[in-house]
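Below is one structure, written out as structure tokens; the observations come after it.
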Amino acid sequence: MSAIAAYRSLLRITGPAYIVVAFLGRIPLAMSQLGVLVLVSETTGRYGVGGAAAGILAISNAVGSPIFGSLTDRLGQRSVVLVQSLLGAAGLAGIVAVTDPGASEGLIFAIAGLTGFVMPQVGPLARVRWRPITRDAGDQRRLVDAAFSYEGAADEASFVLGPATIGLLAIVAEPAGALLAAAVLLAIFGSWFAIHPTSALVARRTVAAGPGSEPLWTGVFAVLVLAQLCVGMIFGSIQTGTTVLATAEGQAGLAGLIHAVLGIGSVIAGLAITALPERVLYASRMAVASVGLLILAAPLLLVDSLPALIGVIALLGFAVAPYMISNFALAGILVPVHRVSTAMTLLAGATGIGYALGAALGGRLADVNGHTAAFAVTVAAAGLAVIIAFTSNRALREAVPVDQDY
């Protein structure tokens, strides 16, 4: 089955509405961090407060996501994600309500933390649905491979469109209006994703699987968590380095758009990776993609202008999606079926923690040595990804899938 035929089959099986809903349902999370940063910073006039609020929201989400992921494994996605969507939307609106020039920092931080904690990770949860969705379809392995490739591309696209949407709405409707728009999107499409008929397939599958005896935290799963931590560090340090360089050149407002270029190449590569033959194992794809990350990140150490930065970031994106898709796909087949939601949200949480770590470390080094020091964190994270991929390659290749639906 060709890649195009696989994508067509997926669209035919689920219908276009599900694809649209699952994609739009993940946009609010991508909007939330920058939306909070812009709103709090501009309203209070204190960028440190805005950055702290955004960081608290991101870290809280990284902590809360696997907790709610575990709940979806036990209770099904419908009720859990529905509650998360409504509470998350209320939280975003609450941040708008309490943020004013004289607002208490503690109150803003508390609501940002609670909001991040409850917001759903629609992307990872959508991945969980594809295996039961395609269970009765022919050539399921190929279809799931295509589905995970699409999901990786969709995640990247959401993290391009989310910040861009915040930027546009902040101009048209002020920062408060932009964050309220994210709240409305979450209430509508997050809830729609929760109650979509495909959620029933996951619920039946989870119940049928039973408690099982296979552990979630195995050596190979720990490898995947560390791998996603590296990806997060790459994201965070690149955004920091980009912001530092753009500010130095008097173009601070372009930082978000420049960082979004990373997602363009990633989307293209994510959709194209389905064309790889099945004999190319995910562990091999992970190893090759990690080398691509290191090779394509290395030129960041030589960048000294925005045009050069855009070119390097655009190329680097082509290695990001293949690496992430391989990690999530491996989790999907190596983790016990009744723990898949927990696993997927743990990987997403590791990415978020890595982002915060990369941004913080890159920012601290950039204060002393400029943008190149921040990009050094990017290169170091890519180097760590190579070490992880190659030292664990044999274990990942020999790991036995715990679920034999393929």
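The values are calculated or read from the model by the stated rules, or taken from the named source; none is laboratory data. Values in this document were obtained by computation on a predicted structure and should not be read as measured data. Cβ sites come from the backbone with ideal geometry, for glycine too, and all protein chains shown count toward neighbours.
Of the set (1) within 22 Å of Met344 (Cβ to Cβ); (2) crowded, with 22+ Cβ neighbours inside 10 Å, all apply to Val63 but (2).
Residues are listed down the side, and each one gets a yes or a no for (1) among the hydroxyl-bearing types (Ser, Thr, Tyr); (2) closer than 17 Å to Pro163 by Cβ; (3) modelled with pLDDT of 85 or more:
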{"site": "Ala208", "(1), (2), (3)": "no, no, no"}
{"site": "Pro211", "(1), (2), (3)": "no, no, no"}
{"site": "Thr218", "(1), (2), (3)": "yes, no, no"}
{"site": "Ala222", "(1), (2), (3)": "no, no, yes"}
{"site": "Leu226", "(1), (2), (3)": "no, no, yes"}
{"site": "Thr240", "(1), (2), (3)": "yes, yes, no"}
{"site": "Gly250", "(1), (2), (3)": "no, no, no"}
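Among the residues making up segment 277-303, those that are in a loop (DSSP other than H, G, I, E, B) and free of Cβ contacts under 8 Å to residues at least 12 places away in the same chain are Pro277, Arg279, Val280. The residues listed here are Ser70, Ser85; of these, the one that is surrounded by 24 or more Cβ atoms within 10 Å (Cβ to Cβ), touching a Ser or Thr at 6+ places or on another chain (Cβ under 7 Å) and polar (S, T, N, Q) is Ser85. In this structure, does Leu306 turn out to be more than 30 Å from Ala331 (Cα to Cα), over 21 Å from the mean Cα position of the chain (by Cα) and touching a residue at least 12 places away in the same chain (Cβ under 8 Å)? When the stated conditions are applied, Leu306 passes them. With respect to the conditions (1) surrounded by fewer than 18 Cβ atoms within 10 Å (Cβ to Cβ); (2) small (Gly, Ala, Ser); (3) at pLDDT below 90, Ser199 lacks only one, and its number is (1).
One line per residue, one yes/no per condition, for (1) touching a Phe, Trp or Tyr at 6+ places or on another chain (Cβ under 6 Å); (2) among the small types (Gly, Ala, Ser); (3) in a helix (DSSP H, G or I):
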| site | (1), (2), (3) |
| --- | --- |
| Ala30 | yes, yes, yes |
| Gln33 | no, no, yes |
| Ile56 | yes, no, yes |
| Leu71 | no, no, yes |
| Leu82 | no, no, yes |
| Leu87 | no, no, yes |
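Select from segment 60-90 the residues that are closer than 24 Å to Gly177 by Cα and in contact (Cβ under 8 Å) with a residue 60 or more places away in the chain and list them in ascending order.
Looking only at segment 60-90, we keep the residues that are closer than 24 Å to Gly177 by Cα, and these are 60-61, 82-90.
Passing the criteria: Asn61, Leu82, Gln84, Ser85, Leu86, Gly88, Ala89, Ala90.
None of Leu29, Leu57 is modelled with pLDDT of 90 or more, within 14 Å of the chain's Cα centre (by Cα) and either within 20 Å of Ser158 (Cβ to Cβ) or among the small types (Gly, Ala, Ser) (or both) except Leu29. Which residues, counting only those in segment 344-365, are in contact with a helix residue (DSSP H, G or I) (Cβ under 7 Å, 6 or more places away or on another chain), surrounded by fewer than 23 Cβ atoms within 10 Å (Cβ to Cβ) and over 15 Å from Gln228 (Cα atoms)? Selection gives Leu361, Gly363, Leu365.
Looking for whichever is surrounded by fewer than 23 Cβ atoms within 10 Å (Cβ to Cβ), not assigned by TED's automatic domain parsing to the domain that holds Val144 and not hydroxyl-bearing (Ser, Thr, Tyr) here; the options are Val335, Val340, Val368. Which one fits?
Val368
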